[in-house]
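Values quoted throughout were computed directly from the atomic coordinates according to the rules given, and no laboratory measurement underlies them. Since this is a predicted model, take the numbers as computed values, not measurements. Cβ coordinates were reconstructed from backbone atoms using ideal geometry, including for glycine residues, and neighbour counts include every protein chain displayed.
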Amino acid sequence: MNYYWIGVVFGLYMVWGGAIKSTAMPYRLIHARASLLWKDKAHLFLQVSGLIVIVVMVGLALLT
């Protein structure tokens, strides 16, 4: 069950990094991959996908 909460933290990191356009190394690595496909919309993509990760992980954590 604790693994789902790690996923929530990862989703929060994605949302936070996309919101402030972080330059931290882990976020830069994620952003570099996303920007190959999404170009200048990569920050928005990471925010939306982070929210999806949070919702799914909280749902799974509450179901178990």
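Among the listed residues W16, W5, identify the single one that is assigned to a helix (DSSP H, G or I) and in contact (Cβ under 8 Å) with a residue 40 or more places away in the chain.
W5
Out of L62, L37, L51, report the one residue that is hydrophobic (A, V, I, L, M, F, W, C), surrounded by 13 or more Cβ atoms within 10 Å (Cβ to Cβ) and part of a helix (DSSP H, G or I).
The conditions single out L51.
Please enumerate the residues belonging to the range 19-34 that are small (G, A, S) and not in a loop (DSSP other than H, G, I, E, B).
Passing the criteria: A19, A32, A34.
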